[in-house]
Every structure is written in structure tokens, then in C-alpha cells.
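Structure record follows, encoded as C-alpha cells.
The values are calculated or read from the model by the stated rules, or taken from the named source; none is laboratory data. Keep in mind the model is a prediction, meaning the values are calculated, not measured. Ideal geometry is used to build each Cβ from the backbone, glycine not excepted, and the neighbour counts take in all protein chains shown. Ligands, DNA and RNA are stripped out before the accessible areas are found, and what is left, the full protein with its side chains, is counted by its heavy atoms. Shrake-Rupley method; radii C 1.70, N 1.55, O 1.52, S 1.80 Å.
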Amino acid sequence: LQKDRESGIVVYEESKCIGCWTCILACSYGAIQQDIRSKKVVSKCDLCPELEMPACVANCPNRALVLEEAQI
């Protein structure tokens with residue numbers, strides 16, 4: 001995992017993942033989960049960098065999902 005300095009987005013590089021899942025334990029937000037497709041690596045939201053708004057937020061019919069900058 002690496003944080004992009006410009007956007008602030010944490011990027012996951014699957015090719016470097018060895019499947020130890022330490023990142024799952026360390027993430028206090030619960031944003032990183034075991035990838036149920038491969039059961040070896042993890043998955044996390046990448047905020048759809050190619051889109052202006054993440055697809056899940058843009059397409060949520062009840063507007064239950066919002067994108068906000070976290071105040072840390």
C-alpha cells in the first residue's frame with residue numbers, strides 16, 4: 001500500500017502482495033478486506049481514479065453512500 005502524495009488516495013499494488021493480511025489488521029477503518037475471489041490477496045476501494053466520482057457513490061439509488069474527506 002502506498003499513499004499518493006497529490007491525491008491522498010491509498011493505492012494497493014496486488015503484484016507486491018504476499019497475502020500476509022497484516023494490512024487488514026493494521027487498518028483502523030476496516031477498508032481493507034480479504035479478496036473473496038482469490039482468498040490470497042486483499043481488496044480495497046481505489047475510489048475509481050478514472051472517474052470523477054466513485055461508481056458506487058454515483059449509482060447508489062438511495063444516496064446512502066457519500067464521498068467525504070476524512071478529518072483526521
inquiry  = With an 8 Å Cα cut-off and a minimum separation of 6 or more residues, compute the relative contact order for the chain in percent.
reply    = 20
remark   = Once the dipole of the chain is set up from charges on Cβ (+1 Lys and Arg, -1 Asp and Glu), the residue from the list Leu65, Ala31, Cys20 lying farthest towards its positive end is Cys20
inquiry  = If R₀ is 22 angstrom, what is the calculated FRET efficiency for the pair Lys3 and Val41, using the beta carbon separation as r and rounding to 0.05?
reply    = 0.70
ask   = Round to a whole number: what % of the accessible area of the stretch 1-46 belongs to carbon and sulfur, probe 1.4 Å?
value = 52
task = Grab the Cα-Cα distance for Tyr29 and Leu65, subtract it from 0.36 nm times how many residues apart they are, and report the gain in nm with one decimal.
result = 11.4 nm
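Just how large is the dipole of the chain about the Cα centre, in debye to the nearest 20, putting +1 at every Lys and Arg Cβ and -1 at every Asp and Glu Cβ? Intermediate values should be presented prior to the final figure.
Details: 8 positive and 10 negative charges, 82 e Å.
Dipole about the Cα centre, nearest 20: 400 debye.
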task = Could you point to the label whose value was computed as percent of Cα pairs over 19 Å apart for the structure here, given (1) 43; (2) 39; (3) 18?
result = (1)
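Please give the per residue accessible area of the chain, computed with a probe of 1.4 Å over protein heavy atoms only, in Å².
Numbers: 6440 Å² over 72 residues.
For the chain, the per-residue accessible area is 89 Å².
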